[in-house]
Structure formats: C-alpha cells, structure tokens
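One structure is given here, and the rest of the page talks about it.
The values are calculated or read from the model by the stated rules, or taken from the named source; none is laboratory data. If you're wondering where the values come from, they're calculated on a predicted model, not measured in any experiment. Here the Cβ is made from the backbone with ideal geometry for all residues, glycine too, and neighbour counts use every protein chain on show.
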Amino acid sequence: MKTYTQQSLLIIYTGGTIGMVEDPADKSLKPLDFSHISKEIPELLKIEHELQWMSLDPIVDSSDIKPENWEIMAETVYKNYKKYDGFIILHGTDTMAYSASALSFHLENLAKPVIFTGSQLPIGLVRTDGRENLISAIEIAAVKNNNDSMVPGVSIYFENKLFQGNRTTKYSAENFNAFISPNYPILAESGVYLKFFKENIPYPRSGDKLILHKKFNPHVGLLKVFPGITREFVEPILTNKHLRAIVLESFGAGNTTTEKWFITLISNYIKSGGVVLNVSQCLAGSVEQGRYETSLELEKAGVFGGSDITTEAAVTKLMCLFGQNISKKKLFKHLNNSISGEIIS
Ligand code: ASP
C-alpha cells in the first residue's frame, strides 16, 4: 500500500546549473544561498515534509567532479542515514550519471532513496526546469511502501521520469529530457499521478546493514576505438604502468579491429596485471564477445565482456573495485556479475 506521511529529507547541493541565480548587478550566474531557496521556488513552502538543505564544500561544476567529491557525497548520506528518510542530491547534469553510478557502488544495501536531480536552466530563471525536477524528486523520495521507501537506492529524476542511476546516460545538451536509460525501464513517472513501476525497482533484502565503500581508485582509463585507430595512439595507454584497468569502448556487440598489434597490446596489458572491460559504444544492447570473429580474439586475450553496462557505470565500478582491498578472484567475480543492478543478471 502506498502511504503519504510527513517525511524528513536532506537536500544536498553539490554544484551545477540548478543552484544558479542571476546576479541583478551584472547578469552573471552565481550559486544560490539555499537558505533563500523559497524565494526562488515559493511552492516549496507548501510541501508538508521536513526539508533540510546543505551545500557541499566546495561546490563544483560537475565537469570538475572527482572521486574525492563522490566520497564526500557518500559519506554525507552515510553519516545522516538514520536521521532522514531520504536524500536529494542536486548536481550538474554533465556528469550526473557518473556520480549516480559511483554512489550506487559506494553505498551497499541502501534502503532509502538517494535521488539525483538538476536542471538545464538555472533555478533563478522563469522558464527553469529545475522547479519541477526538484519538487517532484522531493515528492517521490517521500512516498512510502508500507513502512519502507517506495524507491530505495540511487536514482536520477529528470523531466517526469525516475531512472535507475547506474543505468542512465546524459544524451542531450539542450533538451529538458536530458537523460535516457536505454537498457533498463524507468522506475517511476510523474504526470497527474506519481506512477511507480515496482517490478523495475530493485528492493534490497530487508535488514541488511548499509555499508560504505569509502575509497575509489582513479587509475582507470577509457579507450574508445574508431576506424583508423593507430598503434601510436594506443600503445602509450596500454603500457601505462599506473593504469589498473581500462574500459574499452568497442563497436556494436563488442567488436574492435583485429589488427595483430592491437590484440597483442591488449593481451600484454592483461598479462602484466591490467583489467580490460569491454563496453559498447551503442547506447542500447549488450556486448557479446565471441558473437563475431572480431571480438573472439578479445575474449581469448582475457578481456571481460561488460554486458549491457553504461560507460559511466563501467568506469565507476572499476574505480570502486580497485579502491577496495579485495582479491583478484573476488574482483573478477564482481566484474561478471551485477553489484548494484548495473548489468542484467
Ligand atoms: N556544466 C554544468 C554542470 O554539469 C551543467 C549543468 O549543471 O547542467 O555542472
């Protein structure tokens, strides 16, 4: 049964367009002081839930986000977990899908909602999409399913839709519907009613304690293949001693050039201890190594097939796994399986 009682929510501003207002003096955009948010969105005063606001220090444009910022976001949720029924993270759209993926790996067994949202237009502008995004994210985070949260876990709310965070990608730099989740159905939709698709919502096992995986290892690379890719470009990457793992963005169902130099470089990188995770450049569908001859060699070299994972989830999953002190065997097991719903299981 859906219930609607007063909830307490923590709203964390990390930076990005949603928190910007125009300075009347010179018309430049500057960060809003959130203690005055109801001046920009008076509708917030009508919300019956208890809302607490905080800004992270420092606030950053999301293009400047680093694993350290994710650690601060995850720790903030972890430390306040008992005090609040849910969390809204206001974040720039550019790397929101990376941050949502990262937090889904940072925070294991989340039984409360952590909803990321932001906007394409600053909150201080009349036509802003931030008003609807923020208000609906609050309303969604507050809905209960009996005594539990209706949408536990890390999600992204944008333009009427709630997506699973680690399945989402930013695909438009200008439309209000900036995000898509091609390999996973939406979790909820807001129209006249808030509609929840419970069959798509990954509910955690009840009673499991929240675990914070604190450290991320940034020594992960991203190699996107293209026709005509040269050895001169690839070699410095695959012989870089600092890189623990590489996300290989391949064509279609996981294909790359079969040129001998390329396969040899990949194979030598893996022999020297590196991990390669194959993800598709296509937004929808899955990597299936061995379906074509052009990916069979990768499979033989020891490349992991990334299934239907997004690049954002692949990069952050590797950073998280290499940040933990776990055996190679355990790491490989995690690469082949879903940790937090990021791949089909
Ligand atoms: N560059 C901004 C950011 O990602 C854009 C936005 O907020 O949407 O922080």
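Being on the phi > 0 side of the Ramachandran plot and either crowded, with 24+ Cβ neighbours inside 10 Å or modelled with pLDDT of 95 or more (or both) narrows it down to one residue among Asn166, Asn160, Asn146; which is it?
Details: Asn166 fails: on the phi > 0 side of the Ramachandran plot; Asn146 fails: either crowded, with 24+ Cβ neighbours inside 10 Å or modelled with pLDDT of 95 or more (or both).
Going through Asn166, Asn160, Asn146 in turn, just one is on the phi > 0 side of the Ramachandran plot and either crowded, with 24+ Cβ neighbours inside 10 Å or modelled with pLDDT of 95 or more (or both): Asn160.
Take the stretch 204-221 and flag every residue that is out of contact with any Asp or Glu (no Cβ under 8 Å at 6 or more places or on another chain), farther than 21 Å from Val315 by Cα and either exposed (fewer than 11 other Cβ atoms within 10 Å of the Cβ) or at pLDDT 95 or above (or both).
Correct list: Arg205, Gly207, Lys209.
Could you list, in sequence order, all residues of the stretch 156-212 that are more than 22 Å from Gln281 (Cβ to Cβ) and assigned to a helix (DSSP H, G or I)?
Of everything in the stretch 156-212, those that are more than 22 Å from Gln281 (Cβ to Cβ) and assigned to a helix (DSSP H, G or I) turn out to be Lys198, Glu199, Asn200.
Just need a number here: residues in the stretch 98-118 that are in contact with a helix residue (DSSP H, G or I) (Cβ under 9 Å, 6 or more places away or on another chain) and either modelled with pLDDT under 95 or away from the ligand (no atom under 11 Å from the Cβ) (or both).
14
Tally the residues that are more than 30 Å from the chain's Cα centre (by Cα) and part of a strand (DSSP E or B), restricting the search to the stretch 256-298.
0
Any residue in the stretch 81-90 that is modelled with pLDDT of 90 or more, within 15 Å of the ligand (Cβ to nearest atom) and within 21 Å of Ala173 (Cα to Cα)?
For the stretch 81-90, residues modelled with pLDDT of 90 or more, within 15 Å of the ligand (Cβ to nearest atom) and within 21 Å of Ala173 (Cα to Cα): present.
Show me the strands (runs of 3 or more DSSP E) found entirely inside the stretch 45-137 where at least 1 residues are surrounded by fewer than 22 Cβ atoms within 10 Å (Cβ to Cβ) and within 20 Å of the chain's Cα centre (by Cα).
Details: elements: 50-55, 86-90, 113-117.
Because the criterion is at least 1 residues that are surrounded by fewer than 22 Cβ atoms within 10 Å (Cβ to Cβ) and within 20 Å of the chain's Cα centre (by Cα), the strands (runs of 3 or more DSSP E) in the stretch 45-137 that meet it are 50-55.
Regarding the stretch 75-90, can at least one residue be identified that is touching a Pro at 6+ places or on another chain (Cβ under 6 Å) and either among the hydrophobic types (A, V, I, L, M, F, W, C) or closer than 17 Å to Ala137 by Cα (or both)?
yes
Could you identify the single residue in Thr256, Thr169 that is hydroxyl-bearing (Ser, Thr, Tyr), under 16 Å from Ala100 (Cα atoms) and in contact with a strand residue (DSSP E or B) (Cβ under 8 Å, 6 or more places away or on another chain)? Outline the logic, then answer.
Working: Thr256 fails: under 16 Å from Ala100 (Cα atoms).
Every option except Thr169 fails the conditions.
Quick check on my filter: what residues within the stretch 107-146 are touching a strand residue (DSSP E or B) at 6+ places or on another chain (Cβ under 7 Å), closer than 16 Å to Leu162 by Cβ and polar (S, T, N, Q)?
Result: Thr117, Asn133, Ser136, Asn145.
Kindly establish whether Met73 is in contact (Cβ under 8 Å) with a residue 40 or more places away in the chain, within 16 Å of the ligand (Cβ to nearest atom) and of a type in the set (A, V, I, L, M, F, W, C).
Yes, satisfied.
Among the residues of the stretch 8-28, what is the count of those that are part of a loop (DSSP other than H, G, I, E, B) and away from the ligand (no atom under 16 Å from the Cβ)?
Residues in the stretch 8-28 being part of a loop (DSSP other than H, G, I, E, B) and away from the ligand (no atom under 16 Å from the Cβ): 5 in total.
For the stretch 301-324, which positions are more than 17 Å from Val220 (Cβ to Cβ) and either acidic (Asp, Glu) or without any contact (Cβ under 8 Å) to a residue 12 or more places away in the chain (or both)?
Correct list: Asp308 only.
May I ask you to say which residue of Ile263, Ile246, Ile326 is of a type in the set (Val, Ile, Thr) and at pLDDT below 95?
After ruling out the rest, the residue left standing is Ile326.
Could you tell me whether the stretch 30-42 includes any residue that is of a type outside the set (Ser, Thr, Tyr), free of Cβ contacts under 8 Å to residues at least 40 places away in the same chain, within 12 Å of the ligand (Cβ to nearest atom) and in a strand (DSSP E or B)?
yes
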